[in-house]
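Heads up, the thing below is written out as structure tokens.
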Amino acid sequence: MSRNSKRKAKKARNGIFCGLVYLFLFLPISVIVVNSTNATTSKPYLSWKGFTLDWYVKLFDNTQLLQSFGNTMIIAVVSTLLATIIGTIGAVGIYRYHFRGKGIINGLLYIPVVIPEIVLGISLLTIFSKVNIPRGMLTLILAHVTFSVPFVIFNVRARLSGYDKSIEEASMDLGANRLTTFMRITLPVLAPGIAGGALLAFTLSIDDVIISYFVNGQTKTYPLKVMESIKSGVAPDVNALSTLILIATILLVVLTQSGIFSKNKEHS
Amino acid sequence: MEKAHAKHQWRSNTLPALLTVGPVTLVLVLLVAIPLIYVVVMSFCSIDQYYNVQLQFTLDNYKRLVSANYMKIYAQSILIAFVTTLLCILIGYPFSYIIARTQSRRKKLLYMLVIIPFWTNSLIRIYGWRTFLGTNGWLNTVLQFLHLTKEPLDLLYKQGTTILGMVYCLIPFMILPLYTAIEKLDGSLLEASADLGAKPVVTFIKVILPLTSSGIFSGSIMVFIPCLGYFFVSDILGGGNSDVIGNLIERQFQSGNNWPLGAALSIILIVITLVLVKLYQRMGGDMDSLGV
Amino acid sequence: MGYIVEINGVNKIYGKNHVVKDLDLKVEEGEFLTLLGSSGCGKTTTLRMVAGFEEPTSGSILVEGEPIEEKEPFERNVNTVFQSYALFPHMTIFDNIAYGLRIKKVPKAEIKSRVTEMMELVQLEGFEKRYPSQLSGGQKQRVAIARALINRPKVLLLDEPLGALDLKLRKQMQLELKRLQKKLNITFIYVTHDQEEALTMSDRIAIMHDGILDQLGTPTEIYEQPRTKFVATFIGETNIFDGAVVKVDGGLITVNVENGSIVGTGQDFRESEYISVSVRPEKMKFSDTPVENFSIQAVVKDYIYVGSVIKCIVLLPNGNELKIERLAGETLPKPGSVIYPYWNPEDAVLIHTQSDKIFEAIENITFS
């Protein structure tokens, strides 16, 4: 076989393999999307009864579901905000200053990342119950901040290591004090790392199942509401909501990607 | 001079350090360190008849947990995690390799296509698999429709199904670090290897594999450890036949109401995690490549 | 009239490293002073102490008569041009240059006119909206200079600013910087390891070596009258002969060195004192017959043609090489010939060695 035809065969083989993997990844997604249009009305909502978009309308009557989604959003936004702030200034501080206990803090940071989520979940549950903090939105937010902060720190730290410290010295040399330098120089240059960390924190928060399962009390988050429905049979309106979220995220990604290309260059 | 120096040190070093690292330290101590210490303490406690935790030192929990029944589940968990990790490597590595080294203009799109499914709720995706694989599910319906099978395949509630679910949930944690490691590979090294007479297989074993091993290691850690705790996958797809340690813990905190026992189970899980992390570090794993 | 910058008894110690040792340096207003030395000699540390990024372990630094060791960098009236340029990557060139003015809350209109004026001065008109990543090394250099100068500092500190530029651009920038300095009449304190650069640009050079200021003087003084062996060998090329003084005859000093005896002129040298004699290659002469007062013999090894000048490699009996420079066009002896090197005694620089200085000091104590 000539080299060219060998190469083509290899390319085809690779293409098929990747195609199969993508198929594997998207299979359940398609089940969800398709089932959101299922006209079935009785539990366990598994057999196909025809195509309908009714569920997308009925979805908005399901106050419990919508409320759980609202809770998830609030928790995600608040915990991401907190985790980003704490994580960003923490990363800058750890990277920049020398102090005793730096090693311990570095070590502690890895715990939420490496340890199975269930251990984090129950440990928070036990301490919250010992200290008598009622489980609900507050504990959920605290829990989400806890597992998000290390991810923010790692992302920002990655950006810090390629960072030319002399621009901060230049800023102070030109008359800006430490706070001004941080706000006008450090933060903007670190922005991509901060954004990456924040995005990761947000994603982790929206989809969190295990940790939220233990510290939620009576508050239902969207994943937990889904877990509840799975026991009784997932109605297509849940599928509909998931489909809508998926479409929204895809749109967001598409927008930001094309947005970057038209924005003026910001480099380092 | 001394006083001024001390003041300067405070202004330029100590105060900023406190302000920036303070909040993180607070979070880590109050919400990570102390809770974990409390779990350790609790694992040595017992409960009274009202399921209240008694602060009385006992080794009973641990004694129960080394019984044969429990050991069986530990072994099962580790086996499931091991097979899952292996499958993730076998599927994930070639996939990452092809995507990371493609010259196609759509490379970024291909990368995003891997991540997009994971923006849908993981529970509902696992449930999607159940819908697909059930006796009246899609797969069986289609197969019977095409007359490829006469009777529905019994695919659910087996260990294999749980493993499928685990692989599905965890494969991105293998693909992402592998992608990063493979992208850093210098193409000219492969050319040099070929130039020196090595066939593709040899180049793979002697050049590509060693240089991307860091990706394999960090991916493996990020797959194996969570796998031991993913109780919802085995709940939804395994139907009780393929419990992992996570299921045991969950049970003690929910229906079992035996928090100290659950705490002890968690400690065992932590110990296993630590052993694996030490192994990872011993094999040259870089802690900094986890979680990014 | 006082000095614009005074460094008095400054020491800097990092752990076990004594990086700057008892530095005394007074900078005149409007001068171009260069701190010259190889890496690790303490010149950059000294500069950073004046800028405020390092704190002296002891000693004081005065700017316009006021001590500034305790002031933060942003409280000082000095500005720095950094070695890596340190341009803010997320700001346009205009914003980079305007930064210092904006911090001081200068009115918008004035900022605009001053930035425009400064950009014209460094020949970067039209670059206002560009970003640092779009500029070449030389252009970034000029932005860094403009950004610092626009604040009208009393003193401008430059930390090896031309290091990353190619040779031709570097020579161009050297002249431009000198022109700029003269025009604006700002004091420049310049750090470099390139002695040619120092000689070209400076009004005075401070040569540092191992944390110590070896010599402070004009380029001519440094070149023609080096006071230590280090300075003699660091600046330009030279031949060093070490030996003991055997005769002091008025100003004419005869020294016994390994290969024979030589003469030079100098004051305050005693018999049997151990000294070094430095003779520049272009001052060396040779004849085919022995010369009075000199008793060194050498063999011509090779010639290297370097354009306007011919470098002669000459071997001494003990194996050492002599560096001699002659102009192209002269007739020279063939390789292999025996020659007798000599020079005009006034062209030799006699240097006390350090150990003798200590000996002197001890003597003085005993006899006073």
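Scattering from the range B:123-237 was approximated by placing one identical point on each alpha carbon and applying the Debye formula without solvent; log10 I(q)/I(0) at 0.23 1/Å stands at -1.15.
Under the rule a/c < 1.5 gives rounded, and otherwise a/b versus b/c splits prolate from oblate, where does the range C:5-229 land using the Cα gyration tensor? Each step should come with its number before you reach the end.
Values: a/c = 1.92, a/b = 1.46, b/c = 1.31.
Prolate is the answer for the range C:5-229, as a/c is 1.5 or above and a/b outweighs b/c.
Report, in listed order, any pair from A:LYS102/A:LYS165; C:LYS168/C:LYS229; C:LYS26/C:LYS229; A:LYS220/B:LYS63; C:LYS247/C:LYS334; A:LYS8/B:LYS150 with a Cα-Cα distance greater than 29 Å. Please list the in-between numbers first.
Numbers: A:LYS102/A:LYS165 20 Å; C:LYS168/C:LYS229 31 Å; C:LYS26/C:LYS229 23 Å; A:LYS220/B:LYS63 36 Å; C:LYS247/C:LYS334 35 Å; A:LYS8/B:LYS150 39 Å.
Checking Cα-Cα distances, C:LYS168/C:LYS229; A:LYS220/B:LYS63; C:LYS247/C:LYS334; A:LYS8/B:LYS150 exceed 29 Å.
Sequence gap at least 6, Cα distance under 8 Å: using those rules, report the relative contact order of the range C:239-367 to the nearest whole percent.
Values: 273 pairs, mean separation 35.8, N = 129.
28 percent.
For the pair the range B:242-263 / the range B:110-172, the C-alpha centres are spaced 27 Å from each other. Distance from the Cα centroid of the range C:150-226 to that of the range C:317-348 is 33 Å (rounded to whole angstrom).
Taking Cα atoms of the range B:67-289, Rg/Rh with Kirkwood Rh, to two decimals?
Details: Rg = 20.4 Å, Rh = 19.6 Å.
Using Cα coordinates only, the ratio equals 1.04.
By other beta-carbon atoms within 10 Å, ranking A:PHE24, C:PHE286 with the fewest at the front produces A:PHE24, C:PHE286. Cross-link reach is defined here as a Cα-Cα straight distance under 17 Å, omitting same-chain residues fewer than 8 places apart; for C:LYS112 the lysines meeting it are C:LYS104, C:LYS129.
Along its principal axes, the protein assembly as shown has C-alpha extents of 121, 75, 65 angstrom, given from the largest down. Note on C:LYS171: aspartates and glutamates with a C-alpha under 19 Å away, same-chain residues under 8 apart excluded, are C:ASP159, C:GLU160, C:ASP194, C:GLU196, C:GLU197, C:ASP203.
Per-residue ellipticity at 222 nm, computed for the protein assembly as shown from helices alone with -39500 (n - 2.57) per DSSP H run of at least four residues, works out to -17000 deg cm²/dmol.
Once you average over the residues of C:51-58, how many Cβ atoms of partner chains fall within 10 Å of each Cβ?
Values: counts 3, 4, 6, 0, 6, 2, 2, 2.
Neighbouring Cβ atoms belonging to other protein chains average 3 per residue here.
Roughly how tilted is helix A:3-35, in degrees to the nearest 10 and between 0 and 90, from the longest Cα axis of chain A? Value to nearest ten degrees: 70.
Rg/Rh for the range C:74-175 to two decimals, with Rh computed the Kirkwood way over all alpha-carbon pairs. Working shown, then result.
Values: Rg = 13.1 Å, Rh = 13.8 Å.
Ratio value, two decimals: 0.95.
Our note on the geometry: Cα centres of the range A:1-77 and the range A:92-145, 34 Å apart. Could you compute how fast the range C:239-367 diffuses translationally, taking Rh as the Kirkwood radius over C-alpha pairs and applying Stokes-Einstein at 37 °C with viscosity 0.692 mPa s? Give it in µm² per second. Rounded, D is 209 µm²/s.
Taking R0 as 35 Å, what's the FRET efficiency between C:GLU176 and B:GLU183 from their Cβ-Cβ distance, rounded to 0.05? Intermediate results must be reported in sequence, preceding the final value.
Values: r = 43 Å, r/R0 = 1.22.
After rounding to 0.05, the efficiency reads 0.25.
Using the Kyte-Doolittle scale, which helices in chain B average at least -1.0 and also have C-alpha atoms spread 18 Å or more along the helix axis, with helices defined as whole DSSP H runs? Working shown, then result.
Values: long enough: B:15-28 (19 Å, 2.03); B:68-100 (45 Å, 1.42); B:159-183 (34 Å, 1.30); B:209-229 (31 Å, 1.47); B:259-282 (34 Å, 1.64).
Long hydrophobic helices here: B:15-28, B:68-100, B:159-183, B:209-229, B:259-282.
Binned at 10 Å from 0, what are the whole-percent values of the Cα-Cα distance distribution for the range B:188-292, short to long? That works out to 13, 29, 25, 18, 10, 5, 1, in percent per bin.
Taking other C-beta atoms within 10 angstrom as a stand-in for reagent exposure, B:ARG251, C:ARG147 fall in the order B:ARG251, C:ARG147, fewest first. In this structure the amide hydrogen of C:ASP22, modeled in the peptide plane, comes within under 5 Å of the amide hydrogens of C:ASN11, C:LYS12, none closer than 5 places in sequence on its chain.
Normalising the average separation of contacting C-alpha pairs (under 8 angstrom, six or more residues apart) by the number of residues puts the relative contact order of the range B:44-129 at 13 percent.
By the rule of a C-alpha distance below 18 Å, with chain neighbours fewer than 8 residues away ignored, the aspartates and glutamates paired with A:LYS231 are B:ASP235, B:ASP243, B:GLU250.
Computed from the C-alpha gyration tensor, the three semi-axes of the ellipsoid equivalent to chain A are 39, 30, 19 Å, from longest to shortest. Averaging 1/r over each pair of different alpha-carbon atoms in the range A:116-239 and inverting the result gives 17.2 Å, the Kirkwood hydrodynamic radius.
Relative contact order for the range C:5-229: 29 percent, from Cα pairs under 8 Å spaced at least 6 residues apart, divided by residue count.
Read-outs throughout are calculated quantities, based only on the coordinates presented, and are distinct from any laboratory measurement. Since the model is a prediction, treat every value here as computed from it, not as a measurement. Here Cβ is always computed from backbone atoms with ideal geometry, including for glycine, and neighbour counts include all displayed protein chains.
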